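The values are calculated or read from the model by the stated rules, or taken from the named source; none is laboratory data. Quantities reported herein were computed from a predicted structural model and do not represent experimental measurements. Positions of Cβ are generated from backbone atoms using ideal geometry, with glycine treated the same way; all protein chains shown enter the neighbour counts. Accessible surface areas use protein heavy atoms only, side chains included; no ligands, DNA or RNA. Shrake-Rupley method; radii C 1.70, N 1.55, O 1.52, S 1.80 Å.
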Amino acid sequence: MTDTQRRRLLTALAAAAGVAAAAPFAWRQLRGGTRTAASTASVAAPAASPAQRFIEPLRIPGREGLMAELPLSRAGTLTAQASRFQVLAGADTEVWHYAAEHEGRRLANPLLRARRGEAIDLQLHNRLTEVTTVHWHGLALDEANDGSGLHPLPAGAHQRIRYTVRDRAGLYWYHAHPHHRTGRQLQMGLAGLLMVEDEEELALRERLGLAWGERDLPLMLADKQVDAGNAITYKDCADDWIGNRMLVNWTPEPYLDVVPGLYRFRIANVCNARMLRPAFVHDGQPLPMQLLGVDGGLLAQPWPMDDLFLAPAQRVDVLVDFGGIAAGEHVMLRSLDYAAMENEDESGAFAGDPIADHPGAVPMGGALDIMQLRVQAGDGVPLHRAFDALPARLAELPALPDTAGWPVRDLRLRMDSEGRWFINDWNFNDTGHEPVFSVRRGSREIWELRNAMTSMPHPIHLHGFPFRVLSRAISPPDVRGRAVAEGGRGPQDMGYCDTVVVWPGEVVRIAIDFSQPFTGTQRYMLHCHNLEHEDMGMMLTFAVTD
Ligand code: C2O
Ligand code: CU
């Protein structure tokens, strides 16, 4: 760190101390005095005690209740509402969710399934006491149906949503997105998965022979800060909202019985702010995985990995082989520890996460046990040994475009001396829904995302247009070490993405094709998917015009 940078940090600290009480979006990451005071005042730390963990079987999407399966084309009405569910041992928990009814069954935050090309027509009904939306994260939709904060639905109101699913097969998701309330509404539960299928995906499934719901499973990971009464808590204008309980498919720290063979997991990080580094650990060693897909579906070829970084909003499709493991042994789905790089500063003034609001939570970057896999005897079960069943070519993926001559748009990610997050000089609390720039429909651009050195990792999400990662430069060692292709790209950069992590100091170039079948001006958002950063204004609106 240079002296100038250090001086800036000290100035920032002093400034933040001065404005913390007055400014609504002031940087709350103050360390030292305030932190000690807050943590002594905090009550019981209801983290999962060892005895509470791995005693509940993983929820497998079923026919009723939380995460039950539902064809998107038959969703009818999704009602945003609050009800109580048995999530943790003891008292029920109030969960804000999208409720649906289908053939007499009641579903909550259903796992929606859609075929590519399918036409969707549904209603959103808001039965909360505040505005909400449903944003179809990763789908390329028009402004009216995107569900971003541009068109919040008032309490009590209805809205018709109509679109065609044009996107590649893959795991997408949906969640609430009203500005200033996104963090709270997601933490309270308003999120679910959307699986898009097409011929290519179904052919791969057939070839792998792993039954959906048995050996091909979605894992929706979400940490929640839960109090001693099992209530999910949230604080507006807080920093990174990390939690003391880790839910997988709405089951706290579950276990899953597995046969000693191949499994396919579609993993989504639905945490507000927690970056995960998932690995399947056996005997202290990560089991080898094969990465099949990312946000926007299948990669051209599988890539071997031991662990990966999964930021909020990102998804991966991985194969894991439990084949060599003896019956009775356990594997842990663990988020390995990593350097969180939060405002990294050797003085310690910026280190760590303020735990005061999150009693019992593992700090950002700390190792976290998510789910236990218990290997059963495999007699009579047809097993795939190793990854032999995998075709060398998974999907038709267009080659990386030749971007020579494409215009480059600079986007700097930074924090000002008052602790407000910015993209260039824009903070959404100032700019609002007014587009800060326009792009021509059908044009193609390179966006260069540059993160400040003394910053945090920002998972940057673009609405409306899946993009390709072109290059990474000045990456931290743990990211650089993962490169498998020119431009410093790692395995997760090898497909279509809608969210990309930009680490402190890093420069990430993405290629975007602004072609779309819509007309007129369509507005979209670009923002950090650390939802506390987003709600604090690390977001902008841009327009696509004819
Ligand atoms: Cu998943 Cu703009 O969000
Ligand atoms: Cu951020």
Could you please find all residues in the range 305-322 being open to solvent by 10 Å² or more (accessible area, probe 1.4 Å) and either at pLDDT 95 or above or hydroxyl-bearing (Ser, Thr, Tyr) (or both)? MET305, ASP306, ASP307, PHE309, GLN314, ASP317
Does the range 506-513 contain at least one residue that is more than 22 Å from the chain's Cα centre (by Cα), away from ligand 1 (no atom under 16 Å from the Cβ) and touching a residue at least 40 places away in the same chain (Cβ under 8 Å)? yes
Subset of the range 459-472, residues in contact with a helix residue (DSSP H, G or I) (Cβ under 7 Å, 6 or more places away or on another chain) and either at pLDDT below 95 or within 13 Å of ligand 1 (Cβ to nearest atom) (or both), comes to HIS463, GLY464
Test: residue in the range 388-396 that is farther than 23 Å from ASP546 by Cα, at pLDDT 90 or above and open to solvent by less than 70 Å² (accessible area, probe 1.4 Å): yes
For the range 177-209, which positions are free of Cβ contacts under 8 Å to residues at least 60 places away in the same chain and in a loop (DSSP other than H, G, I, E, B)? HIS177, PRO178
Members of the range 151-176 found to be in a loop (DSSP other than H, G, I, E, B) and either farther than 17 Å from ASN109 by Cα or within 16 Å of ligand 2 (Cβ to nearest atom) (or both), listed by number: HIS151, PRO152, PRO154, ALA155, GLY156, ALA157, VAL165, ARG166, ASP167, ARG168, ALA169
For residues that are closer than 30 Å to VAL258 by Cα and assigned to a strand (DSSP E or B), tally how many sit in the range 217-236. 9
Please indicate, with yes or no, whether at least one residue in the range 434-453 is in contact with a helix residue (DSSP H, G or I) (Cβ under 9 Å, 6 or more places away or on another chain), within 16 Å of ligand 2 (Cβ to nearest atom) and open to solvent by 40 Å² or more (accessible area, probe 1.4 Å). yes
Yes/no for GLY324 being within 14 Å of TYR263 (Cβ to Cβ) and in a loop (DSSP other than H, G, I, E, B): yes
Any hit, the range 372-387, residues being open to solvent by 40 Å² or more (accessible area, probe 1.4 Å), touching a residue at least 24 places away in the same chain (Cβ under 8 Å) and within 30 Å of ARG181 (Cβ to Cβ): no
Of everything in the range 137-150, what is within 9 Å of ligand 1 (Cβ to nearest atom) and outside any loop (DSSP other than H, G, I, E, B)? Give them in sequence order. HIS137, ASP146
Might you check whether a residue that is open to solvent by 10 Å² or more (accessible area, probe 1.4 Å), within 16 Å of ligand 1 (Cβ to nearest atom) and touching a residue at least 24 places away in the same chain (Cβ under 8 Å) occurs anywhere in the range 473-481? no
Which of the residues that make up the range 521-546 are in a strand (DSSP E or B) and within 13 Å of ligand 1 (Cβ to nearest atom)? ARG523, TYR524, MET525, LEU526, HIS527, CYS528, MET539, LEU540, THR541, PHE542
Take ARG523 and decide whether it is among the basic types (Lys, Arg), away from ligand 2 (no atom under 16 Å from the Cβ) and touching a Leu at 6+ places or on another chain (Cβ under 7 Å). yes
Give me a count of the residues in the range 464-509 that are within 16 Å of ligand 2 (Cβ to nearest atom), touching a strand residue (DSSP E or B) at 6+ places or on another chain (Cβ under 9 Å) and not hydrophobic (A, V, I, L, M, F, W, C). 5
Residues that are open to solvent by less than 10 Å² (accessible area, probe 1.4 Å): find the strands (runs of 3 or more DSSP E) completely inside the range 237-300 holding 2 or more of those. 245-248, 262-269, 278-282, 289-294
For the range 78-112, which positions are part of a strand (DSSP E or B) and open to solvent by 60 Å² or more (accessible area, probe 1.4 Å)? ARG84, GLU94, GLU101, ARG106
Output the residues belonging to the range 397-425 that are open to solvent by less than 60 Å² (accessible area, probe 1.4 Å), within 16 Å of ligand 2 (Cβ to nearest atom) and under 23 Å from VAL544 (Cβ atoms). LEU411, LEU413, PHE422, ILE423, ASN424
If we keep just the residues of the range 455-472 that are more than 17 Å from the chain's Cα centre (by Cα) and open to solvent by 10 Å² or more (accessible area, probe 1.4 Å), which is nearest to ALA140 (Cα to Cα)? ARG468
Of the residues in the range 499-519, those that are assigned to a strand (DSSP E or B), open to solvent by 30 Å² or more (accessible area, probe 1.4 Å) and more than 15 Å from ILE474 (Cβ to Cβ) number 1
